[in-house]
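Enquirer: One structure, pasted below without further comment.
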Amino acid sequence: MDEREKNSLIWNLASKNGILLGMFSTLCLALKQVSALIGSETLASGAGIILWTLEFVGCIWLLRRFMKRYVADYPDATNAETYALGKRTCLFSSLILAAALVFMVLYVPDNLFSRSFQDLSETYSAMLDPSVLEGMNLADRPGIVFFSQFLYCWVYGILVSSFLSRSIPQDPRIQEMLDELNRRGFPDETDGADETDDQESTDNQ
C-alpha cells in the first residue's frame, strides 16, 4: 500500500471512528443536561461528576481501542500512523460535539452550558463593565460557542493521541527486552503453581 492509499485509508477510518466518538461524547453531554434538571442540587452535582468521569475515561478508552484495532488489521503500522488516526478521529468527533453544544445553547431552555457561563459571569461581574455583561448572550454568538468548543476538544484530542500513539504499536525493542528478562530467570507463575499442586498431591498420597 503506497502513502496515498494509506492516507486515504486513515481518513476513512478516522471519519467512522470520529462519528462513534462524537456520538458517545454527545450522549454524555445530553445526560449531563438531564442531570442538571434534577431537583436536588446534590444529586445533580454527583451525577455530573460521574458523567464527566465516564466521558473522560470512555473517550480515552475508545481512542486507544481504535488505534489498537488499526495496528491489529495492519501489522506494519507505525506510531506516526496511529497518531494521525487519533488526531483525525478527534477532528471529526470535535465537530460533532461542538455542533451538539450549539444546538443545546440555541434550542434547549435553561441549558447547562449557558447556566455555567452565567454563574461564571456573575462571579466576575465586579471586574466587568455592565455593558459587556449585557452583550454576553451565548445564544447570540453560536459561532463563538462552536469554535471555542471545537478547538478545546481537538487540542485535547491531539494531546491524548500523541500520548497513546507512543506505545501503539509498541516499540519492538521494548518487547525484546521483556522477552530477554523472561528468559533470564523470571519463572512462570503457572508452572510454579502446578509444581505446588503436584507436591501437595504426593504428600496426600
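Enquirer: Is it fair to say Leu85 is assigned to a helix (DSSP H, G or I), at pLDDT 95 or above and either under 21 Å from Ala14 (Cβ atoms) or in contact with an Asp or Glu (Cβ under 6 Å, 6 or more places away or on another chain) (or both)?
Expert: The answer is yes for Leu85.
Enquirer: Among the residues of segment 1-16, is any closer than 19 Å to Phe56 by Cβ, of a type in the set (S, T, N, Q) and touching a residue at least 12 places away in the same chain (Cβ under 8 Å)?
Expert: The answer is no, given that none of the residues of segment 1-16 is closer than 19 Å to Phe56 by Cβ, of a type in the set (S, T, N, Q) and touching a residue at least 12 places away in the same chain (Cβ under 8 Å).
Enquirer: Mind counting the residues in segment 27-47 that are in a helix (DSSP H, G or I), over 23 Å from Cys90 (Cα atoms) and free of Cβ contacts under 8 Å to residues at least 40 places away in the same chain?
Expert: Residues meeting the conditions: 9.
Enquirer: Still on this structure, please answer the following. Is one or more of the residues making up segment 66-75 in contact with a Ser or Thr (Cβ under 6 Å, 6 or more places away or on another chain), modelled with pLDDT under 90 and crowded, with 16+ Cβ neighbours inside 10 Å?
Expert: For segment 66-75, residues in contact with a Ser or Thr (Cβ under 6 Å, 6 or more places away or on another chain), modelled with pLDDT under 90 and crowded, with 16+ Cβ neighbours inside 10 Å: absent.
Enquirer: So how many residues does segment 24-39 have that are over 14 Å from Leu54 (Cα atoms) and open to solvent by 50 Å² or more (accessible area, probe 1.4 Å)?
Expert: Adding up the residues that qualify gives 4.
The values are calculated or read from the model by the stated rules, or taken from the named source; none is laboratory data. Fair warning: this is a prediction, and the values are worked out from it, not measured in the lab. Counting neighbours? That spans all protein chains shown, and the Cβs are built from the backbone with ideal geometry, glycine included. To get the accessible areas, we keep the full protein, side chains included, count just its heavy atoms, and leave off ligands, DNA and RNA. Shrake-Rupley method; radii C 1.70, N 1.55, O 1.52, S 1.80 Å.
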